[in-house]
């Protein structure tokens, strides 16, 4: 049985085209009741934050609640991004927990 790769396989949600710093990308329209499931599948670090946790997008130096995340489809990959991604390009690797040490 082949293991499902959620980074590469298209998610089962509609998309819309959105302008991003890298050009036009597809943004998934994810229902709120599916956000936690998607976060658990795409978040690359341990522990996975809760939807109510606050993070900072280091490109914008702005805080957001994790539940505000977006997922884009770029090439053949799904990319977990901050809500500020469409301004400055912050992906999940640019999220910072306030309780983390420098």
| Estimated distance in nm for a label pair at residue 18 and residue 76, the labels positioned 7 Å out from Cα along Cα-to-Cβ | 2.5 nm
| request: Before rounding to the nearest 500, sum -39500 (n - 2.57) across all DSSP H runs of length at least 4 in the chain and divide by the residue total; then give [θ] at 222 nm in deg cm²/dmol. | output: -4000 deg cm²/dmol
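Order by neighbour count: 39, 11, fewest other Cβ atoms within 10 Å first, most last.
Ranking 39, 11 by Cβ neighbours within 10 Å, fewest first, gives 11, 39.
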| note | Options (1) 7.0; (2) 8.3; (3) 8.9 are given for mean projected area of the Cα convex hull in nm², and the computed one is (1)
| said: With 12 Å as the cut-off, how large is the P(r) tail for the range 4-60, expressed as percent of Cα-Cα pairs? | reply: 76 percent
| Separation between the residue 98 and residue 37 pseudo-spin-labels, each 7 Å from Cα along Cα→Cβ, expressed in nm? | 3.1 nm
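Only the coordinates and a few stated rules stand behind these numbers; no lab work does. The structure presented is a predicted model; accordingly, all values stated were derived computationally and were not measured. Neighbour counts run over all protein chains shown; Cβ positions are idealised from the backbone, glycine included.
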